[in-house]
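Everything on this sheet refers to the single structure shown next.
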Protein chains: 2
Amino acid sequence: MAFKFSVLKTASDSRARLGIIETNHGLIETPVFMPVGTQATVKTMTPDELVDAGAEIILSNTYHLYLRPGSEIIKAAGGLHKFMNWSRPILTDSGGFQIFSLGKLRNITEEGVVFRSHLDGSKHFIGPEESMEIQMELGSDIAMAFDECPPYPADYNYTRQSADLTYRWAKRCKTRHNSSEQALFGIVQGGMYHDLRRTSAYQLGELDFPGYGIGGLSVGEPKPLMYEVLSELIPHMPEDKPRYLMGVGSPDCLIEGVLRGIDMFDCVLPTRIARHGTVMTRKGNLTIRDRPFAKDFQPIEPGCSCYTCKNYSRAYIRHLLKAKEVLGIRLTSIHNVTFLLHLMEDIREAIRSDTLLEFRAKFFAEYAG
Amino acid sequence: MAFKFSVLKTASDSRARLGIIETNHGLIETPVFMPVGTQATVKTMTPDELVDAGAEIILSNTYHLYLRPGSEIIKAAGGLHKFMNWSRPILTDSGGFQIFSLGKLRNITEEGVVFRSHLDGSKHFIGPEESMEIQMELGSDIAMAFDECPPYPADYNYTRQSADLTYRWAKRCKTRHNSSEQALFGIVQGGMYHDLRRTSAYQLGELDFPGYGIGGLSVGEPKPLMYEVLSELIPHMPEDKPRYLMGVGSPDCLIEGVLRGIDMFDCVLPTRIARHGTVMTRKGNLTIRDRPFAKDFQPIEPGCSCYTCKNYSRAYIRHLLKAKEVLGIRLTSIHNVTFLLHLMEDIREAIRSDTLLEFRAKFFAEYAG
């Protein structure tokens with residue numbers, strides 16, 4: 001058994017569902033939030049701290065690891081789990097999104113993408129086959145198909161051609177991928193166009209991947225538009241496969257995504273804003289660096305059970321951030337990652353007790369963006 | 001009982017001795033190495049990690065805390081222990097050394113020192129009385145007298161006048177200090193001049209402080225000269241008080257200092273070099289950032305029981321350092337601090353079994369600078 005997904009319960013009043021993913025590196029309760037470890041480390045945190053925060057799976061980035069330290073070094077280390085000392089499941093992205101984000105540094109053809117490294121300008125080629133080879137070397141539990149992610153806004157024709165290319169690449173990925181230890185997910189594209197999304201969902205669905213990413217959202221469009229795309233798309237996706245909304249992780253989007261049937265999320269948001277001195281609370285974000293916190297001896301969020309809130313005050317954390325001490329961004333990162341993972345636990349509990357709509361109403365009554 | 005020092009054993013073939021310091025925040029076995037938490041944090045580490053590394057006491061810097069966040073904030077937080085979540089003993093320096101290191105930004109008079117903040121250029125005055133007030137607000141277990149630390153080299157007359165000033169300031173410190181919770185240590189000065197050191201030791205000794213710092217060493221002089229000064233000075237210091245060699249912490253200096261009768265050390269060395277990608281081993285320092293370590297899957301020091309060596313390879317740590325990931329300098333800091341604390345445990349064990357000279361011989365046979 002390398003990968004198995006089971007839906008345990010579907011809500012009666014929304015598309016939200018409770019499930020479980022089984023992998024060789026352990027179980028994952030869904031819906032799940034995956035902290036991002038871009039360069040084989042979730043920034044500032046140890047694996048032990050991630051486990052304490054409640055992380056059941058993390059994501060790592062193929063593009064970054066391919067360039068540095070190189071997938072051959074990670075393979076020689078015995079795979080990514082062993083290299084980074086993380087024994088729970090790992091999902092790797094395909095590298096596509098990062099490469100397309102390089103802008104002028106890359107050129108897309110039918111074959112794949114030629115690009116220049118953001119590190120040293122060196123020239124590289126990655127296509128669907130190369131992405132599969134690299135991800136198999138990394139040894140993640142879940143690999144993602146190599147896709148093209150259109151920008152926002154993008155016109156209909158460009159988006160249609162892009163989704164077609166993603167489909168052809170998905171077939172090539174499936175052909176090349178041959179690891180019984182790793183599940184390969186397809187990625188649905190189609191931009192903001194419902195018919196293109198639907199076509200993509202059916203085409204990918206026919207390839208019978210064990211799970212599906214939804215790419216090309218949270219790329220600059222208004223949130224209501226993203227929610228609308230999800231509402232229209234998800235009924236056309238397989239019921240028995242996990243659905244992974246890529247790159248999304250703000251608290252409001254987690255709730256709205258789960259309600260529309262999303263099982264998996266990832267986002268750099270909690271660790272990125274933590275490094276800029278912003279912390280997440282049930283009332284919204286706090287810029288803990290600011291002066292009003294200088295003599296505030298409460299924890300970031302009273303009642304929060306994370307390591308940071310159990311042991312440190314806002315005043316101390318503010319001091320560390322102002323003094324540019326590493327411990328400051330460690331403590332904010334721990335809090336933010338724990339916050340999202342605890343929120344997801346609460347969401348799962350609300351699905352279990354069939355009270356997710358009440359949970360949402362209560363959450364948004366308190367939460368200020 | 002706020003402070004008590006007991007000598008448990010003195011070596012038969014050197015001045016090395018085993019002792020114990022009792023404070024309100026717990027026991028300290030001596031000889032002891034104190035990691036430095038300049039800004040109310042030992043850089044990159046949590047208190048829990050320091051405890052795991054074996055730290056029994058840490059040092060924090062009065063000058064830095066006075067400027068940021070301000071000792072009144074730390075007092076309002078309930079003292080430095082509570083502010084930074086460290087429940088074991090803390091020693092604070094007097095601020096003197098940092099202020100004198102400001103160079104042109106300060107002006108010394110009989111009264112004290114006027115200086116400009118390195119942070120914002122604002123003007124401040126700290127004299128012996130102010131240093132005592134600040135350290136009492138911080139609530140450390142051991143406070144240090146406000147002293148003047150002459151540079152190296154310094155001529156005889158300057159050094160003599162400076163040591164006299166330090167003595168007058170020590171008396172003023174003693175007069176102002178009035179905390180039964182905090183022990184105040186005097187500081188012996190006198191540069192590289194044996195007679196001045198001797199005079200300083202006797203003068204300070206008469207003031208009957210519960211412990212003594214040795215200041216003005218490791219300021220640029222050759223190590224053999226420092227060892228010579230210690231050898232000449234220590235017989236003139238009180239036997240029943242702990243002797244603290246300030247700002248010294250390289251492995252060779254710890255061994256040589258203990259042999260000459262030193263009980264306490266502090267140094268930023270382990271955490272500072274860790275942040276530059278250098279790690280300590282029994283064979284000497286390794287620049288783990290370097291290319292040869294890219295595919296080296298051993299721990300930093302095989303057999304080392306620190307968190308870093310138990311879980312991570314040189315190749316992974318090198319990758320993190322090259323990628324400028326915070327976890328990299330966390331792991332090197334944990335290793336280096338543990339390395340020095342374990343070395344000190346071994347030194348204590350060697351004193352206990354009366355084998356310190358053999359230990360030294362064996363250590364230096366393997367150790368390359």
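Key figures for this structure:
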| read-out | value |
| --- | --- |
| Using a Förster distance of 60 Å, the FRET efficiency for A:Arg68-B:Lys123 (Cβ separation, nearest 0.05) | 0.80 |
| Charge dipole magnitude, Cβ of K and R +1, D and E -1 - chain A, Cα centre, debye nearest 20 | 1160 |
| Value in Å of the Kirkwood radius, where chain A supplies the Cα pairs that are averaged | 21.0 |
| Label point 7 Å beyond Cα of A:Thr355 along Cβ direction - residues of the stretch A:8-45 with amide nitrogen under 17 Å | A:11-14 |
| A:Arg291-A:Arg116 FRET efficiency (beta carbon distance; Förster radius 35 Å; 0.05 resolution) | 0.20 |
| Kirkwood Rh, Cα atoms: Rg over Rh of the stretch B:217-256 | 0.95 |
| Cα extents of the stretch B:126-187 along the three principal axes, largest first (Å) | 39, 19, 18 |
| Average partner coverage of A:309-316, which counts Cβ from other chains inside 10 Å | 4 |
| Amide H within-cut-off set for B:Asp296, under 5 Å, with H built and near neighbours excluded | B:Ala315 |
| Vicinal HN-Hα couplings computed from phi for the stretch B:221-232 (Karplus, 6.51 cos²θ - 1.76 cosθ + 1.60; Hz; Gly/Pro x) | 6, x, 4, x, 5, 4, 4, 5, 4, 4, 4, 6 |
| Dimensions in Å of the stretch B:63-126 - Rg and Dmax from alpha carbons | 13.3, 38 |
| Gaussian network model of chain A, Cα within-10 Å springs - most flexible of A:Arg260, A:Arg68, A:Arg88 | A:Arg68 |
| Local net charge near A:Glu137, Cβ-Cβ under 11 Å (Lys/Arg +1, Asp/Glu -1) | -2 |
| Nearest-first distances (nm) between copies at A:Lys362, label 7 Å from Cα via Cβ | 6.3 |
| Residues whose placed amide H lies under 5 Å from that of B:Gly213, excluding near-sequence neighbours | B:Gly186, B:Ile187, B:Val188, B:Tyr244 |
| Theoretical ellipticity at 222 nm over chain A - DSSP helices of four or more residues, -39500 (n - 2.57) apiece, nearest 500 | -12500 deg cm²/dmol |
| Cβ-derived FRET efficiency at R0 35 Å, B:Arg168 paired with B:Glu228, nearest 0.05 | 0.80 |
| C-alpha center-to-center spacing [the stretch A:99-168, the stretch A:293-313] in angstrom | 42 |
| Local net charge near B:Asn24, Cβ-Cβ under 9 Å (Lys/Arg +1, Asp/Glu -1) | -3 |
| Debye log10 I(q)/I(0) for the protein assembly as shown, one point scatterer per Cα, at q = 0.07 Å⁻¹ | -0.58 |
| Accessible-area composition of the stretch A:117-208, carbon plus sulfur, in percent [1.4 Å probe] | 48 |
| Where a label projected 7 Å from the Cα of B:His194 along Cα→Cβ would reach, residues of the stretch B:245-266 with amide N under 18 Å | B:260-261 |
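The values are calculated or read from the model by the stated rules, or taken from the named source; none is laboratory data. Not measured: the values here are computed from a predicted model. Every residue, glycine among them, receives a Cβ derived from its backbone with ideal geometry; neighbour counts consider all protein chains shown. Remember, those area values only see protein heavy atoms, side chains included, never the ligands or the DNA or RNA. Shrake-Rupley method; radii C 1.70, N 1.55, O 1.52, S 1.80 Å.
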